[in-house]
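The values are calculated or read from the model by the stated rules, or taken from the named source; none is laboratory data. As the structure is a prediction and not an experimental result, all values here were calculated from the model. Cβ placement follows ideal geometry from the backbone for every residue including glycine, while neighbour counts extend to all protein chains displayed.
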Amino acid sequence: MLSSTASNQQPLLPDTVLSIYCLKGELTSFDLNITGFIGNWEDDGYSFLFFRQPADEAVEQLLETRRDLVLEDQFTMTYKEWQGGFEGPVKIGRFILSPPWLKKVVQGDEIALKFDPGLVFGNGTHPTTRACLTAIEIACAGGKVGRMLDLGTGTGLLALAGASLGCRQVLAIDNNMLAAVTASQNIRINNLQRRALAVNGLAQSFANVPADLLVANIGYPVLHELLTAENVRHHRWLVLSGLHTGEAEDILKLLEKLEVIVLKHWRSETVWNTLLAITAV
């Protein structure tokens, strides 16, 4: 479980300086209750500890109690650099993404979303995110998507989009605790708590939860595992993304066997693919 005071801290501003410690090993349960600690990002056997100021002494004490951990690297950068230069606002289709400290006046049918990625890498501009937002708009256009399931929610952006487009119940899942915390915060700052809920858990454990719309911008191995006849029958619309070209071809073959109809296929200029599909039921 993540031990973090992130939910009680001031927002990370573009010029906020981050002290980051990269540890080899997993910190799934620990207590680091010191001033300036922001959170822990776990990724592929590594833990990244984030602080608002240098914390050499605290990290050394942690390593003394956890001999299985190794300090691989430490570095300093601004929050803007960590998020690849994101300052907002960013326009994607009807959606205007802006950090909480900026006010954006919308025009016409635009939808403003306050979006704070926190320490979760991803600022909404990735090709898969853009395609997923477009696909969700298409699925929700008829007003018949009441329940949405977002697997691998990350910052919660796609869940926010679904709730803003009229989905009455949105369940957002991520196996990374920090991502789930960040998604919850974004739901709160957009006042969508009555429509959306973010939960820390495995996508595989929630794939058969009935929903009109299933969104999965997630890695290929997990996505391939999720697409079973038992799971698919619980959903009407499918938005599947996070796929390289070869992976997308495999998923297309699998969907054909499951008698799922692919309505649209987005291919980015690089290697990313996104599919919008509908089940035959």
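Within segment 71-89, not a single residue is of a type in the set (D, E, K, R) and under 30 Å from residue 277 (Cβ atoms).
Residue-wise test of (1) surrounded by fewer than 22 Cβ atoms within 10 Å (Cβ to Cβ); (2) under 21 Å from residue 117 (Cα atoms); (3) touching a Ser or Thr at 6+ places or on another chain (Cβ under 6 Å).
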| position | (1), (2), (3) |
| --- | --- |
| 188 | yes, yes, no |
| 193 | yes, yes, no |
| 198 | no, yes, yes |
| 223 | no, no, no |
| 242 | yes, yes, yes |
| 246 | yes, no, no |
| 249 | yes, no, no |
| 258 | yes, no, no |
| 261 | yes, no, no |
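Scanning segment 202-237 for residues that are more than 20 Å from residue 155 (Cα to Cα) and touching a residue at least 40 places away in the same chain (Cβ under 8 Å) yields 209, 210, 211, 212, 226, 232, 233, 235, 236, 237. The set of residues in segment 264-280 being surrounded by 13 or more Cβ atoms within 10 Å (Cβ to Cβ), touching a residue at least 24 places away in the same chain (Cβ under 8 Å) and closer than 22 Å to residue 129 by Cβ consists of 264, 266, 268, 271, 272, 273, 274, 275, 276, 277, 278. Residues of segment 38-67 that are at pLDDT 90 or above and touching a Leu at 6+ places or on another chain (Cβ under 6 Å): 50, 63.
Conditions (1) modelled with pLDDT under 95; (2) within 16 Å of the chain's Cα centre (by Cα), marked per residue:
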| site | (1), (2) |
| --- | --- |
| 109 | yes, no |
| 112 | yes, no |
| 118 | yes, yes |
| 129 | yes, yes |
| 136 | no, yes |
| 148 | no, yes |
| 154 | yes, yes |
| 171 | no, yes |
| 182 | yes, yes |
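Scanning segment 147-167 turns up no residue that is farther than 21 Å from residue 184 by Cβ, in a loop (DSSP other than H, G, I, E, B), out of contact with any Gly (no Cβ under 7 Å at 6 or more places or on another chain) and of a type outside the set (S, T, N, Q).
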